[in-house]
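Structure first, commentary second.
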2 protein chains.
Amino acid sequence: MATIKDVAKLAGVSPSTVSRVIAGSDRISERTKERVRRAMNEVNYVPNAIARSLVRSRTRTVGFTLSRRADQAFSNPFFSEVLRGMSATAQRWDHDILLSISLDEQDEKKKCLQLIRERRVDGMIISTSRVQDEVIDVLIREKTPFVVIGRSAGAPVLSVNNDNVEASRRATKHLLEQGYRKIAFISGPRDLVVSLDRGQGYEKALVEAELPVESKRIVETDFSEEAGFAALCRMWEAGVDFDAVLASDDLFALGALRFADHMGLRVPEELGIVGFNDTPMMTHTHPPLTSVRILSYELGAEAMELLLQGLENREKLRPGKEILLPAELKVRQSSLRQGGKTEKQ
Amino acid sequence: MATIKDVAKLAGVSPSTVSRVIAGSDRISERTKERVRRAMNEVNYVPNAIARSLVRSRTRTVGFTLSRRADQAFSNPFFSEVLRGMSATAQRWDHDILLSISLDEQDEKKKCLQLIRERRVDGMIISTSRVQDEVIDVLIREKTPFVVIGRSAGAPVLSVNNDNVEASRRATKHLLEQGYRKIAFISGPRDLVVSLDRGQGYEKALVEAELPVESKRIVETDFSEEAGFAALCRMWEAGVDFDAVLASDDLFALGALRFADHMGLRVPEELGIVGFNDTPMMTHTHPPLTSVRILSYELGAEAMELLLQGLENREKLRPGKEILLPAELKVRQSSLRQGGKTEKQ
DNA sequence: CTGTTAGCGCGTTCAG
DNA sequence: CTGAACGCGCTAACAG
């Protein structure tokens, strides 16, 4: 593989001249530039990125760590969409992504630390969304430029998040507008900020409608269809009545659909259901599921954009700045008993 | 950030001694080792990975490129599971993953070439599965160590694949055993080897059962629920009869379920349905869908393992060696009309 | 406008 | 057992 020296020799100039041509320096004669370019082509020269990184102390690489928990919390396509968004933006800036998926937060913290201290990356993006996040602490301590996808409940950080509170409020309001009055809420684990936010939006909508927030209608459980189904069964057996379900994840919504089926309740007439995440397959449930659409691709793209801008100009990395992306309620049959119109797909 | 020189100075030795301690050389006195280690701890020293890569001409990094097409072809969780498997294995070998998701094959080829020529990676894993794959040609031309997830229909390569032919044969055989005789097959685009393989397995099972392969019962279309539904409608309107559907993707199976619903056909009594990929959500269809389970995690893990072994010992990188991973048929209600037993989830 | 020199941080001879 | 010297491939400062 050709090095800068080979090119220099072939073009009859010094290595630094070649380097200047690559950098597009303007104090090189057009003739020399041409000669150098020809030589570069001839030996098929491409600069060694590692050598460049060493001398520049910049790798043009961004690390992305993730522990399994976050992956499961959001339903699955979320993760790949975020990656696509990150990758597309990185591409435009001519940067690369170093990816690491860990089993738990401890491993993630270790890996994150390693990437930084070994100087493999210029900055980090993380997607953990726990209330107490040790990875964030590490990042701050190491003074690494980083962006969080989600929200930090602890130290103030630069973050990109979808507006869970507002989305949840709107979803609840939609159910109220459809005439449902006793709305149950299935929450994910409370140690995830996303759960807190969605719960808050739910309560907000009730308060705005001057309806009481009844804790008996709120249940917290792990993300799974079975858990959602079981939660509703328990509420039912406890004599709690409800005419709608706000499911903070589509998996819960699936459970709710099964519950309705199980109890012989018609959806949406006797039970309204709204989910979260708008998992593509959910368009095909019976009836089609109303769900909150998350802009996952945009989340990844925006996070990467913020980080790369921050890398160019550190002052842009203001901790405490939280970018909120809007989420859209995709209304379908599962929540429409007023005969309103369904949005297309 | 501390360098090897700082450590050397503090320990009162030369940089090369520190380097030897890091490498675990045995010709260093225990006393010196101890002094050096103490110094390393004191200044919190971590070797700079970039500098190491430069001098060693090895980055301990593996590139993984993917263009959107492959992502869509397999249904979504596939992709994240493969990544998890790759990441877990890479972790064990203390390697990293450089990820790039492109929009099309051209971009992927470019990116792949860039990673290699800039010497950012020691090897590549790719997951394209088109019949004519230009990325593979590039990889061969550059003499880069690489492993393919999927199968190459062109040049012989080292690859890991799930046994699509056998899986499809078994799925078809299962339908036959359940008494279905007129099995329709919905194929994905024919320019993907996975489509060819699944089609082949289907035909094989029919031939083994001494049944004719009727081309009128085979239809090729793009991966989507709608396309699957439409394909069956068209067959029906053309007067082709069928009592079961082998769907080469779960999306098609969803379409088939809707078709049954639409036509008032009972599943599995009047129409048996088997899907491919065992998308988690499919456990919750009505009735639950029989589907071929793909070992995505293992696919990623195995590909990484093969590549890293090959990096240590180039002779292990035998092109033409195709590792086949078994796929498992998850039998559920949608294909059970003989009252056989359903496997647990 | 261009070449020479030095050095990024580390591993690896080659002496001693 | 240890240190000095060199080089990985490239960029940047300083001359000229």
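Rule-based calculations on the coordinates, nothing more; no lab input. Just so it is clear, the model here is predicted, and its values are computed rather than measured. When we count neighbours, we look across all protein chains shown, and the Cβ atoms used for this are built from the backbone with ideal geometry, even at glycine.
Just the Cα atoms of region B:263-345, one point each, no solvent: what log10 I(q)/I(0) does Debye give at q = 0.12, 0.22, 0.25 Å⁻¹?
Computed log10 I(q)/I(0) values: -0.51, -0.98, -1.16.
Two decimals, Cα atoms only, Kirkwood Rh: what is Rg/Rh over region A:4-56? Intermediate values should be presented prior to the final figure.
Numbers: Rg = 10.6 Å, Rh = 11.1 Å.
Radius of gyration relative to Kirkwood radius: 0.96.
Could you tell me what fraction of 2.2 N^0.38 Å the Cα radius of gyration of region B:1-93 comes to, as a two-decimal ratio?
1.63
Using the Cα centre of chain B as origin and beta-carbon charges of +1 (Lys, Arg) and -1 (Asp, Glu), tell me which of B:THR3, B:PHE276, B:HIS174 is placed farthest towards the positive end of the dipole.
B:THR3
Consider a paramagnetic label point 7 Å from the Cα of B:LYS321 along Cα→Cβ; state which residues of region B:131-159 have an amide N under 14 Å from it.
Hits in region B:131-159 for B:LYS321 at 14 Å: B:145-148, B:157-159.
Is region A:124-273 best put as rounded, prolate or oblate by its Cα gyration tensor, with a ≥ b ≥ c the root eigenvalues, rounded for a/c under 1.5, and otherwise prolate when a/b is larger than b/c, oblate when not? Intermediate results must be reported in sequence, preceding the final value.
Details: a/c = 2.75, a/b = 2.03, b/c = 1.35.
Prolate, since a/c reaches 1.5 and a/b exceeds b/c.
At 7 angstrom along the Cα-to-beta-carbon line, where would the label on A:VAL46 sit relative to the other copies? Give the distances in nm, shortest first.
Those separations, rounded to one decimal, come out as 2.8 nm.
Dividing the Cα radius of gyration by the Kirkwood radius, what Rg/Rh value follows for the protein assembly as shown?
On the way: Rg = 28.3 Å, Rh = 27.8 Å.
Expressed as Rg/Rh, it is 1.02.
Which aspartates and glutamates, if any, have their Cα less than 13 Å from the Cα of A:LYS109, not counting same-chain residues under 8 positions apart?
A:ASP133, A:GLU134, A:ASP137, A:GLU142
Regarding region A:87-201, what are the three Cα extents along the principal axes, ordered largest first, in Å?
The Cα atoms of region A:87-201 stretch 58, 32, 25 Å along their principal axes.
Compute a Gaussian network model of chain B, connecting alpha carbons closer than 10 Å, and tell me which residue from B:SER168, B:SER102, B:SER25 fluctuates the most.
In the Gaussian network model the winner is B:SER25.
What residues from region B:1-33 fall in the zone where the backbone N is under 20 Å from a label point 7 Å along the Cα-to-C-beta line of A:SER19?
none
Taking the label point 7 Å from Cα in the Cβ direction, how far apart in nm is B:CYS233 from each other copy of itself, listed shortest first?
So the label point of B:CYS233 gives 3.7 nm to the other copies.
Could you state the number of Å between the C-alpha centres of region A:249-306 and region A:161-193?
After rounding, the separation between the Cα centres reads 12 Å.
Taking a label point 7 Å from Cα toward Cβ, how far is A:ALA155 from its twins in the other copies, in nm, shortest first?
Its label point is 4.8 nm from the equivalent points in the other copies.
In degrees, nearest 10, range 0 to 90: what is the angle between the Cα axis of helix A:250-263 and the longest Cα principal axis of chain A?
With rounding to tens, the tilt is 20 degrees.
Can you return the lysines within cross-link range of B:LYS330? Criterion is Cα-Cα under 24 Å, with same-chain partners fewer than 8 residues away left out.
The reachable lysines, counting only those whose Cα sits under 24 Å from B:LYS330, are B:LYS173, B:LYS182, B:LYS204, B:LYS341, B:LYS344.
Give, as a single signed number, the net charge of other residues whose beta carbon lies under 12 Å from the beta carbon of B:THR279, with Lys and Arg counted +1 and Asp and Glu -1.
Values: positive: B:ARG293, B:LYS330; negative: B:GLU81, B:GLU225, B:ASP249, B:ASP250, B:ASP278.
Net charge around B:THR279: -3.
If Lys and Arg each add +1 and Asp and Glu each add -1, what is the summed charge of the other residues whose beta carbon sits under 14 Å from the beta carbon of B:GLY12?
Working: positive: B:LYS5, B:LYS9, B:ARG31, B:LYS33, B:ARG35, B:ARG37, B:ARG38; negative: B:ASP6, B:GLU34, B:GLU42.
So the surrounding residues net to +4.
Let me know the shape class of region B:176-253, please: from the alpha-carbon gyration tensor, a ≥ b ≥ c as square roots of the eigenvalues, rounded when a/c is under 1.5, otherwise prolate if a/b is greater than b/c, or oblate. List each step's numbers first, then the result.
Working: a/c = 1.78, a/b = 1.18, b/c = 1.51.
Oblate is the answer for region B:176-253, as a/c is 1.5 or above yet b/c matches or exceeds a/b.
So if I average 1/r over every pair of distinct C-alpha atoms in region A:72-138 and take the inverse, what Kirkwood radius in Å does that give?
Working: mean 1/r = 0.0757 Å⁻¹.
With all distinct Cα pairs of region A:72-138 included, I get 13.2 Å.
Note down the relative contact order for region B:1-136 as a percent, whole number, built from C-alpha pairs under 8 angstrom at least six residues apart. Spell out each step's value before the answer.
Values: 148 pairs, mean separation 35.0, N = 136.
The value is 26 percent.
Running a GNM on chain B with Cα contacts under 10 Å, which residue among B:MET235, B:MET86, B:MET304 ends up with the highest mean-square fluctuation?
Taking springs between Cα atoms under 10 Å, the residue moving most is B:MET235.
Tell me which lysines have Cα within less than 19 Å of B:LYS9's Cα, excluding those fewer than 8 residues away on the same chain?
B:LYS33
Take every Cα-Cα distance within region A:237-301, group them into 10 Å bins from 0 onward, and report for each bin the whole-number percent of pairs it holds.
Whole-percent P(r) values from 0 Å outward: 21, 50, 20, 7, 1.
Compute the relative contact order of chain B as a whole-number percentage, counting only Cα pairs closer than 8 Å that sit 6 or more residues apart in sequence.
On the way: 651 pairs, mean separation 60.8, N = 345.
Dividing the mean separation by the residue count of chain B yields 18 percent.
Which number comes out as Rg/Rh for chain B once both Rg and the Kirkwood Rh are worked out on C-alpha atoms? Mind showing how you got there, number by number?
Working: Rg = 25.9 Å, Rh = 22.6 Å.
Using Cα coordinates only, the ratio equals 1.14.
On a C-alpha basis, how far is the centre of region B:79-144 from the centre of region A:16-49 in Å? Whole number, if you could?
The distance from the Cα centre of region B:79-144 to that of region A:16-49 comes to 29 Å.
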